[in-house]
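A.B. asks: Please see the structure below; I have some questions.
The values are calculated or read from the model by the stated rules, or taken from the named source; none is laboratory data. The structure displayed is predicted, hence computed values, not measured ones. All Cβ positions, glycine included, derive from the backbone under ideal geometry; neighbour counts span all protein chains shown.
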Amino acid sequence: MTRSVAAVLADTAAQRPNHSAVIYESEHFTYGWLWEQARRYASVLRANGVRPGDRVALLLVDTPQFPVVYFGVLAAGAVAIPLNVMSTASEIEHVLTDADARFLVCANTLLAQAREAAGSLATVLFTVGPGPAGTVDLENAAPDAAPIDDWAAREPDDVAVVFYTSGTTGTPKGVMLTHRNILYNVDGMVATPYAFRSSDVLLGCLPLSHGFGQICGMLTGFRAGISIVLMSRFSAPEALALMTKHRCTVFMGVPTMYFVLLDAVAKGGQVPRLDRVYSGGSALPANTLDEVRSVFGCPVYEGYGATETSCSVAYHYPGLPFRAGTTGVAINDLTVGIARPNADCIELLPVGEVGEIVVRGPTVMAGYLGRPDLTAEVVVDGWFRTGDLGRQDGDGYLSVVGRKKDLILRGGYNVYPREIEEILVGHPAVAQVAVIGVPHRGLGEEVWAIVVPARPEDVADGSDEEIIEWGKQRLAAYKYPRRVEFTDALPMGSSGKVLKRALVSKYESTVGS
């Protein structure tokens, strides 16, 4: 039977049409309303040339119009290409050109960069809200459009969504996820690890243009029929207020969100009564995990994934014994292994050894759009090479020790940044820390720690030596940092990961100073 990701919304709209799917600025939008609007938008898209298989870029803020446009595109049989709203015109133009996307839907508040990007291309520009001459306002046209009868049938291996990577390791690449990829992940994640009940209310503060917010949050939540409270832009005080007001039961976030939520609570913010919270995107320091658990009074489930695996690989979940320092076990019948890094073939390593995390299963992407060469580099013998280093114990629990490209080679020894970060963040003066390898003439690389202090007064004479000594007492001689630099904030990508290459570029010029 052919299926479409659009069926996620269609099925739930048929089952509980009057239930609130989205809550935004205190207004409730039901599943029935969302699906009818999506079908009207699909009708307008078709009337303006969008055909099954066409690629449609989305430059939209997180409002109820995002799911309406997203499901409208999928219902029309087209491919959705979500864009980060912070993208520059040149970045948007790169995606439009690389993907051969002839259509772009943008919020009218983002018209400036959208028009600049599409100006030299044969791109049909749709707006959500009033736009200038030559654009099609979906919101205005929808009321007069007859909704299409149902979503267009698609084959399981047809591409549904193309996510462009953040580009932290080079030019952004289009990750092609099929209807099968996404539906397999969504159907499995509803029960494990998210354990969604139809009465759950989720704070939707993760960007819907990113896989964590879109697949794990919106799609999995809609499959379960829950309500999602949307935020256009994350703010910790507002997030606490919204979770309290709407009695949210579930929160999903990246570590940086948990840091600022804890800070907002410490400054008097109201603590919502949550049932469970989930963390992903990058490692959540152990002491932060414990503090979140204590402050919010609920379990914290940490997971691991990649865009190329439809976003999820391993997770802790209700009923699974918690094991500190791990991201849980493989989900959805995926097979996770640890392979020898830099080998031409997949050579799996024994239990407990550190190597590259590799994944095999039905959620692995169809490939990088237009880049069979790059696809062949990362999909080997049916396994996806994640580029992350980790280990598995005898029970299958996965521990992530860092990015392969972040591995520090100091005097012939392998140094894993995450291990050091977990130690340093235990120092009372350290709020956040990123460990990097800086070029060194004699050792190859030296270990540096870039620290966001817990308080301004923690940046004082001798503070760096104290942190170095803290690491020296707890780490092997080749691991502890020889230099500490303080900073107001760490550079972050759109997925919440620290941009360590940017840090290396910044600090390598100071070597010897």
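A.B. asks: Please enumerate the residues belonging to the range 1-39 that are farther than 10 Å from residue 71 by Cβ, in contact with a helix residue (DSSP H, G or I) (Cβ under 6 Å, 6 or more places away or on another chain) and crowded, with 23+ Cβ neighbours inside 10 Å.
C.D. replies: Correct list: 12, 21, 31.
A.B. asks: Moving to a separate point now. Name the residues in the range 275-293 that are at pLDDT below 95 and of a type in the set (Ser, Thr, Tyr), would you?
C.D. replies: Matches in the range 275-293: 279, 282, 288.
A.B. asks: Could you list, ordered by first residue, the pairs with Cβ atoms under 9 Å in which the first is in the range 466-489 and in the same structural domain as residue 429 (by TED's automatic domain parsing) and the second is at pLDDT 90 or above and of a type in the set (Ser, Thr, Tyr), at least 6 apart or interchain?
C.D. replies: 468/480; 469/480; 470/480; 471/480; 472/480; 473/480; 474/480
A.B. asks: Out of the range 478-492, which residues are modelled with pLDDT under 90 and more than 17 Å from residue 506 (Cβ to Cβ)?
C.D. replies: Correct list: 478 only.
A.B. asks: Would you mind stating whether residue 413 is in the same structural domain as residue 452 (by TED's automatic domain parsing), over 30 Å from residue 454 (Cα atoms) and in contact (Cβ under 8 Å) with a residue 24 or more places away in the chain?
C.D. replies: yes
A.B. asks: Out of 209, 232, which single residue is of a type in the set (Ser, Thr, Tyr) and over 28 Å from residue 157 (Cβ atoms)?
C.D. replies: Result of the check over 209, 232: 232.
A.B. asks: Is it fair to say residue 191 is surrounded by fewer than 19 Cβ atoms within 10 Å (Cβ to Cβ) and outside the structural domain of residue 374 (by TED's automatic domain parsing)?
C.D. replies: yes
A.B. asks: A further question on this structure: Take residue 288 and tell me if it is within 17 Å of the chain's Cα centre (by Cα), of a type in the set (S, T, N, Q) and surrounded by fewer than 21 Cβ atoms within 10 Å (Cβ to Cβ).
C.D. replies: No, not satisfied.
A.B. asks: Looking at (1) under 26 Å from residue 178 (Cα atoms); (2) touching a helix residue (DSSP H, G or I) at 6+ places or on another chain (Cβ under 9 Å), find the lone condition where residue 335 falls short.
C.D. replies: The single condition residue 335 does not satisfy is (2).
A.B. asks: Within 21 Å of residue 161 (Cβ to Cβ) and in a helix (DSSP H, G or I): is that true of residue 21 in this structure?
C.D. replies: No.
A.B. asks: Can you pull out the residues in the range 219-248 that are under 24 Å from residue 71 (Cβ atoms) and in a loop (DSSP other than H, G, I, E, B)?
C.D. replies: 225, 226, 231, 232, 233, 234, 246, 248, listed by residue number.
A.B. asks: Looking at this structure, is residue 369 within 23 Å of residue 171 (Cβ to Cβ), of a type in the set (A, V, I, L, M, F, W, C) and crowded, with 16+ Cβ neighbours inside 10 Å?
C.D. replies: It is true that residue 369 is within 23 Å of residue 171 (Cβ to Cβ), of a type in the set (A, V, I, L, M, F, W, C) and crowded, with 16+ Cβ neighbours inside 10 Å.
A.B. asks: Given the conditions (1) in contact with a Pro (Cβ under 6 Å, 6 or more places away or on another chain); (2) polar (S, T, N, Q); (3) at pLDDT 95 or above, which single one is not true for residue 181?
C.D. replies: The single condition residue 181 does not satisfy is (1).
A.B. asks: In this structure, is residue 46 buried (at least 24 other Cβ atoms within 10 Å of the Cβ) and in a helix (DSSP H, G or I)?
C.D. replies: no
A.B. asks: Of all residues in the range 473-495, how many are farther than 24 Å from residue 456 by Cβ and not aliphatic (A, V, I, L, M)?
C.D. replies: Residues that pass the stated criteria total 9.
A.B. asks: Here's something else I'd like to know. Mind listing whichever residues of the range 232-245 are surrounded by fewer than 18 Cβ atoms within 10 Å (Cβ to Cβ) and either within 16 Å of residue 274 (Cβ to Cβ) or among the charged types (D, E, K, R) (or both)?
C.D. replies: Within the range 232-245, 233, 238, 241, 244, 245 qualify.
A.B. asks: Looking for whichever is within 30 Å of residue 256 (Cβ to Cβ), at pLDDT below 95 and crowded, with 16+ Cβ neighbours inside 10 Å here; the options are 131, 170, 211, 174. Which one fits?
C.D. replies: 211
A.B. asks: OK, next. Name, by its number, the condition in (1) of a type outside the set (Asp, Glu); (2) closer than 15 Å to residue 142 by Cβ; (3) outside any helix (DSSP H, G or I) that does not hold for residue 40.
C.D. replies: It is condition (3) that residue 40 fails.
A.B. asks: Please return the ranges of helices (runs of 4 or more DSSP H) entirely within the range 108-192 where 3 or more residues are more than 20 Å from residue 74 (Cβ to Cβ) and touching a residue at least 24 places away in the same chain (Cβ under 8 Å).
C.D. replies: Answer list for the range 108-192: 111-118.
A.B. asks: Need the failing condition index for residue 75 against (1) aliphatic (A, V, I, L, M); (2) out of contact with any Lys or Arg (no Cβ under 9 Å at 6 or more places or on another chain); (3) crowded, with 22+ Cβ neighbours inside 10 Å; (4) in contact (Cβ under 8 Å) with a residue 60 or more places away in the chain, just the number.
C.D. replies: (2)
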